[in-house]
Amino acid sequence: MAGRPGMAGTRGDPVTESQAGRSPDGADPGAALLRLVEVMDTLRVNCPWDARQTHQSLAPYLLEECYEALEALEGGDESALRDELGDVLLQVVFHARVAAERTDGTGFDIDDVATGIVEKLVRRHPHVFGDVHVSGPEDVKRNWDAIKAAERGGRGGALPAALGSVPFGQPALSLAAQLQRRAERAGVPAELADLPVGPGARGPVSAAGDGQAPDGAAHDGQGPDGVSEIGAALFSLVAQARAVGLDPELELRAAARSYRDRVRRWAEEQNGDPA
């Protein structure tokens, strides 16, 4: 953002390698974040690779770093989690730096990003920063949802406001769970999650993964909303998982890790790689 103190080219001397990892003793919490912003500013000006990046070119890294942080968390590796969270934080700072360079009136910088989330947290915690009384976590969650819905207003068309903001770019299990969770809070009838399957809906594919339907089963995608029996069953399983307090995405990830470990043990018993 032009004129903001601290942007490369306006800050003074660039950050050197010897300075990059330093944080003064006794510094206030968050001082290292300012150093990160300074380092990013310097890289954006002086590194050919960093200088050419865009929101679009950085998008895969944002997703990748989030998954790596999740893997470290699931593995219980606290040191790796710290490192991976740093990589996620870098992506936030990097995207803000790219946005700060826009001159069409849509730009924002890292201060705008931080200010936005601070204002949101204060606004959605009136029991902490205001005079609202709550009796427990459930009241906090209800207040949060009500305030969020009021903020979003009519966005999302005919959908309840809570559903209109669900990002469809996320993994399918997480997407289904979030849709169901938001719908439940909005008072949507639970039976709407029982998806209809018609005679022309997609049939099962072969285990070989060749995209062919076994025994000539229908695979034309026609039918009520184009939903297959497998798709409807998976959506129902998500609802079942939620009903017993489980996160379907995490449960399937746990099953995938278990399968990976079983294959690894099998490979060790065979004295070689399965491939």
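Where in the stretch 30-105 are there GluC sites (Glu not before Pro) that are in a DSSP coil and have at most 13 other Cβ atoms within 10 angstrom of their Cβ?
Answer by residue number: E101.
Residues with beta-carbon under 15 Å from that of P137, excluding P137: net charge, scoring Lys, Arg +1 and Asp, Glu -1?
Net local charge, P137 excluded: +1.
By how many nm would the segment from S165 to A31 grow when fully extended, if each residue of separation counts as 0.36 nm and the alpha-carbon distance is taken off?
Residue separation times 0.36 nm, minus the Cα-Cα distance, leaves 44.9 nm.
Quick one: compute the contact order of the stretch 61-191, relative version, from alpha carbon pairs under 8 angstrom and 6+ residues apart, as a percent.
10
Could you please report the charge total around A176, scoring K, R as +1 and D, E as -1 over all other residues with beta-carbon less than 10 angstrom from its beta-carbon?
So the environment of A176 carries a net charge of +1.
Kindly state, to the nearest 0.05, the FRET efficiency for A254 paired with D87, given R0 = 25 Å and r defined as their beta-carbon distance.
Efficiency for this residue pair is about 0.60.
How large a share of the accessible area of the stretch 229-271, in percent, is made up of carbon and sulfur atoms when the probe is 1.4 Å and the other protein chains stay in place?
Carbon with sulfur: 55 percent of the solvent-accessible area.
Can you bin the stretch 26-160 into rounded, prolate or oblate? Criterion: square roots of the alpha carbon gyration tensor eigenvalues sorted a ≥ b ≥ c, rounded for a/c under 1.5, prolate for a/b above b/c, oblate for the rest.
It is prolate, given that a/c is not under 1.5 and a/b is the larger ratio.
How far, in nm, would the chain grow between K148 and A233 when pulled straight, counting 0.36 nm per residue and subtracting the alpha carbon separation?
27.5 nm
On the accessible surface of the stretch 50-115, probed at 1.4 Å, how many percent belong to carbon and sulfur atoms?
Looking at the stretch 50-115 in its full context, I get 58 percent from C and S.
Fully extended, how many nm does the chain gain between L63 and E119 (0.36 nm per residue separation, minus their Cα-Cα distance)?
Extending this stretch completely gives an extra 17.6 nm.
Tell me, what is the FRET efficiency for A80 and D131 to the nearest 0.05, using R0 = 35 angstrom and their Cβ-Cβ distance as r?
That pair, A80 with D131, gives E of 0.25.
Where a ≥ b ≥ c are the square roots of the eigenvalues of the C-alpha gyration tensor, would you call the stretch 76-141 rounded, which needs a/c under 1.5, or, failing that, prolate if a/b is larger than b/c, or oblate?
Oblate, because a/c is 1.5 or more while a/b does not exceed b/c.
Note down the nm distance, to one decimal, between modelled labels 7 Å out along Cα→Cβ at L73 and at R262.
Label at L73, label at R262, 2.7 nm between them.
If we count every other residue with Cβ under 11 angstrom of R185's Cβ, Lys/Arg +1 and Asp/Glu -1, where does the sum land?
Every neighbour counted, the sum reads +3.
The values are calculated or read from the model by the stated rules, or taken from the named source; none is laboratory data. All of these numbers come straight from a predicted model, not from anything done at the bench. Don't worry about glycine lacking a Cβ; one is built from the backbone with ideal geometry, like all the others, and counts go over all protein chains shown. The area values use the complete protein model at the heavy-atom level, side chains included, leaving out ligands, DNA and RNA. Shrake-Rupley method; radii C 1.70, N 1.55, O 1.52, S 1.80 Å.
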